[in-house]
Amino acid sequence: LELCPRGGQTLETGIGSGYGAIWLSLRGVEAHGLDYVPAIVERARHINSLLGGSAHFEEGDLFQLFADWQRTENEPYHVIHHQGVLE
């Protein structure tokens, strides 16, 4: 929360349950989650709904982020975080 201003954007990679992004969304952060496994993304969306979060989850490849940003007008995130995905 210290690194991302209220209303800022974050990206959780390798979302797992999605709790990180959901928790941030409940604190006024525009939180996004990314995973390449469709079932994981759908589960995170469901948990988000159950908990009343406003996080956005989508399928995608972490290693394509930079290339995707160059092709679109999407703004980079203030913070990109994960729980073990880069190991």
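The values are calculated or read from the model by the stated rules, or taken from the named source; none is laboratory data. Treat the numbers as computed from the prediction; the structure is a model and nothing was measured. Cβ: placed from backbone, ideal geometry, glycine included. Neighbour counts: every protein chain shown. Calculation scope for accessible area: heavy atoms of the full protein, side chains included, ligands and nucleic acids excluded. Shrake-Rupley method; radii C 1.70, N 1.55, O 1.52, S 1.80 Å.
Rundown of residues vs (1) within 20 Å of residue 76 (Cα to Cα); (2) modelled with pLDDT under 95; (3) touching a strand residue (DSSP E or B) at 6+ places or on another chain (Cβ under 9 Å); (4) among the charged types (D, E, K, R), yes/no style:
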site	(1), (2), (3), (4)
3	yes, yes, yes, no
11	yes, yes, yes, no
14	yes, yes, yes, no
17	no, yes, no, no
20	yes, yes, yes, no
30	yes, yes, yes, yes
39	no, no, no, no
47	no, no, no, no
51	no, no, no, no
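Those residues that are open to solvent by 70 Å² or more (accessible area, probe 1.4 Å) and hydrophobic (A, V, I, L, M, F, W, C), I need them from region 40-53; list them, please. Within region 40-53, 50, 51 qualify.
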